[in-house]
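Just below is one structure, and these are the notes that go with it.
The values are calculated or read from the model by the stated rules, or taken from the named source; none is laboratory data. These figures come from a predicted structure and were not determined experimentally. All Cβ positions, glycine included, derive from the backbone under ideal geometry; neighbour counts span all protein chains shown. What goes into the accessible areas is simple: the full protein's heavy atoms, side chains included, and nothing from ligands, DNA or RNA. Shrake-Rupley method; radii C 1.70, N 1.55, O 1.52, S 1.80 Å.
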Amino acid sequence: QVQLVESGGGSVQPGGSLTLSCAASGIRSSASRMAWYRQARGPQRELVVTINRGGDTTYADSVKGRFTISRDDAKNTVYLQMNNLKPEDTAVYYCNAFTGLKIYWGQGTQVTVSS
């Protein structure tokens with residue numbers, strides 16, 4: 001059974017930082033394209049960042065220079081370091097894995113940025 005479990009969300013003031021974690025089981029994160037999405041109000045999920053099997057990353061323009069994705073293969077975990085957070089970053093953040101055959105989602109973790 002595949003599971004993606006996110007953690008690390010919370011409430012911070014503008015300019016603050018948070019680190020999200022996505023612990024994978026049932027798949028190898030190093031063998032998958034991993035990604036973080038976010039969903040603010042409304043049904044559309046926005047792609048934040050991806051990291052492929054080779055470690056190449058792609059960031060949304062809105063988070064470039066502020067967010068960093070990384071992967072710990074030994075822990076089968078992907079991280080999202082978020083710095084200089086802005087109110088518009090407020091959303092539920094979802095971990096996503098694409099193995100080449102199937103797509104999996106975590107349950108999401110809430111990030112709220114407000115003063």
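With a ≥ b ≥ c taken as the square roots of the eigenvalues of the C-alpha gyration tensor of region 1-110, please select rounded if a/c is under 1.5 and otherwise prolate if a/b is larger than b/c or oblate if it is not? Prolate.
When the chain is treated as a GNM with alpha-carbon contacts under 10 Å, the residue of ASP56, ASP89, ASP73 showing the greatest mean-square fluctuation is ASP56.
Using DSSP to call loops (not H, G, I, E or B), can you name the trypsin sites (Lys or Arg not before Pro) in region 3-49 whose Cβ has at most 13 other Cβ atoms within 10 angstrom?
Loop-located and lightly packed - ARG28, ARG41.
Of interest is the spacing of the C-alpha centroids, which for region 72-105 and region 43-59 amounts to 8 Å. Ranking SER17, SER29 from most to least accessible surface, computed with a 1.4 Å probe over the protein chains only, gives SER17, SER29. Heavy atoms of the protein chains alone define the surface here; on that basis the chain has 53 Å² accessible area per residue at 1.4 Å probe size.
Grab the other residues whose beta carbon is less than 11 angstrom from that of PRO14, score K and R as +1, D and E as -1, and report the net. Could you put the intermediate results ahead of the total?
Values: positive: LYS86; negative: GLU88, ASP89.
It works out to a net charge of -1.
Just want the answer: with Cβ charges of +1 for Lys and Arg and -1 for Asp and Glu, which residue in TYR94, GLY16, GLY54 is farthest toward the dipole's positive end in the chain? With unit charges placed on the Cβ atoms, the residue in question is GLY54. Between the listed residues SER115, GLN81, GLY26, the Cα displaced farthest toward the positive end of the dipole of region 20-115, a dipole computed from Cβ unit charges relative to the Cα centre, is found at GLY26. Within region 55-115, report the trypsin sites (Lys or Arg not before Pro) that DSSP leaves as loop and that have at most 11 other Cβ atoms within 10 Å. For trypsin sites (Lys or Arg not before Pro) across region 55-115 that sit outside H, G, I, E and B with at most 11 neighbouring Cβ atoms in 10 Å, the list reads LYS64, LYS102. A simple charge model with +1 on the Cβ of Lys and Arg, -1 on the Cβ of Asp and Glu and nothing else charged puts the dipole of region 2-108 at about 160 debye relative to its Cα centre.
Overall, the accessible surface of region 14-115 at a probe of 1.4 angstrom is composed of carbon and sulfur to the extent of 48 percent.
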